[in-house]
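The values are calculated or read from the model by the stated rules, or taken from the named source; none is laboratory data. Being a predicted model, the structure only gives us computed values, none of them experimental. Virtual Cβ from ideal backbone geometry, glycine too; neighbours counted across all protein chains shown.
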Amino acid sequence: MALFPDWNSIESTTRWSEGLFWAGIFTLVVVVVTELAAHVYSNRAAYLISADSGIQREALQRQERAAEQRYSAATAKIREKLDIATAELQKIQSGKARHLLDQQAKALVKSLGSFSGQKINVWSSDSSSDSVTLGREFIAVLKRAGWNVPDEVLTGPIAGGDTEGIHVVFDGNISSPAEIPPGIDALISALERFGFVSSETLYVDDAEHGRDDLRKTHGQFFLKIGTAPGMKS
């Protein structure tokens, strides 16, 4: 009894021998190719995992750096406002004349330097003994920023009552916020940011000034320095 097909045939056993031999060779080739492919894909998977880990690590580091920068910027702004507010409070409490601190002057020049050529007048209340000196300091700062400012500090009474604190005023009428020059917007924002004014507001004054020479300023912008808030000279 034959153990395998064509067991007793010379031709058949020869064919089976050759066929099985080449089948084995083919199988070995497939095994080798499969193992090589598995090795290549294994290396590729390890590389992709490593690259993805690196990308995630870099993204996390960028987020941490951005958070630190935002925190540092916010802390610096808070500290700057606190320093300015503390200095102003000390001046008010001690009754000393108001002055621009070096830090305030540098910050204003930096904020307003992009708007050189902007025209504005500086007016000081004649009811406050320190307003003229403070007005001259503002003129110096505005000129350093490249603004077009008269050398003289205008003084005198204003129709409708004196000014308390510091205001940015347009002598005339403005029908739309779009009519406000970018430089004036920047000045108001800087004054609010550095604690000089309490809100980002442009005051509009269509009343004539008390002095004849100031009546020619209709249609112009003013930085008005009045009496210290809550104090009378």
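Per this entry, LEU89 is not counted among residues that are at pLDDT 85 or above, under 30 Å from ARG144 (Cα atoms) and surrounded by 10 or more Cβ atoms within 10 Å (Cβ to Cβ). ASP171 passes every criterion in (1) surrounded by fewer than 20 Cβ atoms within 10 Å (Cβ to Cβ); (2) within 13 Å of LYS224 (Cα to Cα) apart from (1).
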